[in-house]
1. Only one of these conditions is not met by residue 56: (1) open to solvent by less than 70 Å² (accessible area, probe 1.4 Å); (2) within 23 Å of the chain's Cα centre (by Cα); (3) of a type outside the set (Asp, Glu). Which number is it?
2. Taking residue 155, is it open to solvent by less than 70 Å² (accessible area, probe 1.4 Å), over 28 Å from residue 109 (Cβ atoms), in a loop (DSSP other than H, G, I, E, B) and modelled with pLDDT under 95?
3. Here are the criteria: (1) of a type outside the set (D, E, K, R); (2) at pLDDT below 95; (3) open to solvent by less than 60 Å² (accessible area, probe 1.4 Å). Tell me which single one residue 211 does not satisfy.
4. Name the pairs: first residue in the range 167-191 and in contact (Cβ under 8 Å) with a residue 60 or more places away in the chain, second residue open to solvent by less than 80 Å² (accessible area, probe 1.4 Å), Cβ to Cβ under 6 Å, at least 6 apart or on different chains?
5. What do you reckon, is residue 85 open to solvent by less than 20 Å² (accessible area, probe 1.4 Å) and either within 13 Å of the chain's Cα centre (by Cα) or modelled with pLDDT of 95 or more (or both)?
6. So in the range 87-134, with the set limited to residues that are of a type in the set (Asp, Glu) and out of contact with any helix residue (DSSP H, G or I) (no Cβ under 7 Å at 6 or more places or on another chain), which one is farthest from residue 63 (Cα to Cα)?
7. Report, by residue number, each residue of the range 92-115 that is among the hydrophobic types (A, V, I, L, M, F, W, C) and surrounded by fewer than 17 Cβ atoms within 10 Å (Cβ to Cβ).
8. Restricting attention to the range 128-143, and to residues there that are touching a residue at least 60 places away in the same chain (Cβ under 8 Å) and open to solvent by 40 Å² or more (accessible area, probe 1.4 Å), which single residue is nearest to the chain's Cα centre (by Cα)?
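The values are calculated or read from the model by the stated rules, or taken from the named source; none is laboratory data. All figures in this text were calculated on a predicted structure; none of them were measured in a lab. Please note: Cβ atoms are built from the backbone with ideal geometry, for glycine as well, and neighbour counts cover all protein chains shown. Each accessible area value is taken on the protein alone, full model and side chains, heavy atoms only, with ligands, DNA and RNA left out. Shrake-Rupley method; radii C 1.70, N 1.55, O 1.52, S 1.80 Å.
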Amino acid sequence: MCAMARPRKPLLSTDRIVETARALVDTEGLAAVSTRRLAAELGVSGPSLYNHFRTKDEILEAVADSVSALVDLSMFEDGRDWRTALHDWAVSYRAALRDHPNIVPVLARGPGRRPAALRLADAVYGAMVEAGWPPAQATSIGALMRYFIMGSALGSFAGGFVDDASAYDPADYPHLGQAHLLAEQQEKIDERAFETGLTALLDGLALQYEQVTGGA
């Protein structure tokens, strides 16, 4: 009689570790990630993780890069003008960060050696230089966009107001009589604020572009 085969555990892989770590970061924050916790979640022994990552920081770097890889870069390759490309890229970038806000502090350190993050930086810089921006200003544009997008993902403006009308005594805050209603429209308000800021930013860059290139 043939012995019944034991159920096979899914093979441990770099992708599986990163996906599990990303889920932990999303639900519980950066502090939840440890090699011991990950090993337990994956059903493996702790030392087996070291075949793929040497440290917890390496795991978090990989999680950050997996989020960078979600950002659409096609707009820099399909003929869109520089302003439209920057707008569409910013929207895609913010969407990725909005879905994974807890990893933003790691992303904010800069691309380091992360491949997807470096491809992102290369795409933005290359598109701006090709459009006629001087290299120094192309670098500044990449930095500016990164500050704006990451800042918008770090927290919700509307969600920062409590939904208790009594917190906004008109004697103290005469202009905040409707502030308690902001939280219930959080997504709409935050999206509108992002688009307002992005449009203003791009309008300002367009004026600089005319000065730099003569409107070419």
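1. Single failed check for residue 56: (1).
2. no
3. All conditions are met except number (3).
4. Once the first residue is in contact (Cβ under 8 Å) with a residue 60 or more places away in the chain and sits in the range 167-191, no partner that is open to solvent by less than 80 Å² (accessible area, probe 1.4 Å) comes close enough.
5. Yes: the conditions hold for residue 85.
6. In this case the residue turns out to be 130.
7. The answer is 95, 108.
8. Applying the filter and picking the extreme gives 137.
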